[in-house]
Amino acid sequence: MPVPMRRLCVALTLCCALVAGATACGSSNAGSRADTGATVAAAVDQPAAEPSPTTSAEKQRFAKTRFVANAGLAAGATYQWIVKPWKAGKFKKGAHGRKLALVKAGVAGLFAYNRLKAAERNAKGDPLLSKALAPLSKSIENLKNLPAKLRHGDTGAASDFNDVINNVKDAGKSAGAPVKNKVPTAGQLHSGGQ
């Protein structure tokens, strides 16, 4: 199968251009190659720098932003899968769909606990938030056992979740970080919001 002359000329021209470009990029100075190798080796030995806020004002702003995001996810999960079903009577014995509601509430409870602990860690980056949230540490820690209480039919556990979420929201508002409910996606629930 004959190759048209035009294609052959184009291919030959491209090959020559690539070879010429490769030789033009090379350096005849051996010392600069050694310097480049040393620079690359030094860069590889350095640990990767994490981007971080440079001023304390930026650190505080990021702390508030993270607090609002984590507390909002906890509030959204609590409202959607614990408070609404509780108010609708889904946790009462004999209620239609009780088992599914309890499973969802248990997952949402663990997720909310995880996000509230993250929000508590975030609050430590801002002095005002830290002060506002300090009295709630014990209440947040007590949420760890509430999903099990829900499974055993203790409907007061839903009220306790709601109270803690409202207290966290009030603390955020008093520190200048108002929290709004944000219902997490299924993927966030599955991963724990991390």
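The values are calculated or read from the model by the stated rules, or taken from the named source; none is laboratory data. Keep in mind that what you see is a predicted model, and the values were worked out from it rather than measured. Positions of Cβ are generated from backbone atoms using ideal geometry, with glycine treated the same way; all protein chains shown enter the neighbour counts. With ligands, DNA and RNA removed, areas are computed over all heavy atoms of the protein, side chains included. Shrake-Rupley method; radii C 1.70, N 1.55, O 1.52, S 1.80 Å.
Name the residue, out of LYS104, LYS138, LYS93, that is closer than 16 Å to ASP160 by Cα and either in contact (Cβ under 8 Å) with a residue 24 or more places away in the chain or part of a helix (DSSP H, G or I) (or both).
Numbers: LYS104 fails: closer than 16 Å to ASP160 by Cα; LYS93 fails: closer than 16 Å to ASP160 by Cα.
The conditions single out LYS138.
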### Message
Residue under question is TYR113, and the condition is that it be assigned to a helix (DSSP H, G or I), within 24 Å of the chain's Cα centre (by Cα) and touching a residue at least 60 places away in the same chain (Cβ under 8 Å); does it hold?
### Response
no
### Message
Taking the criterion of being exposed (fewer than 14 other Cβ atoms within 10 Å of the Cβ), charged (D, E, K, R) and in contact (Cβ under 8 Å) with a residue 24 or more places away in the chain, would at least one residue in the stretch 151-158 satisfy it?
### Response
no
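Condition first: open to solvent by 20 Å² or more (accessible area, probe 1.4 Å) and free of Cβ contacts under 8 Å to residues at least 40 places away in the same chain. Can you find one or more residues in the stretch 178-185 that meet it? Reasoning before the result, please.
Kept after step one, since they are open to solvent by 20 Å² or more (accessible area, probe 1.4 Å), are these residues of the stretch 178-185: 178, 180-183, 185.
Those left that are additionally free of Cβ contacts under 8 Å to residues at least 40 places away in the same chain: 185.
Scanning the stretch 178-185, I find at least one residue that is open to solvent by 20 Å² or more (accessible area, probe 1.4 Å) and free of Cβ contacts under 8 Å to residues at least 40 places away in the same chain, so the answer is yes.
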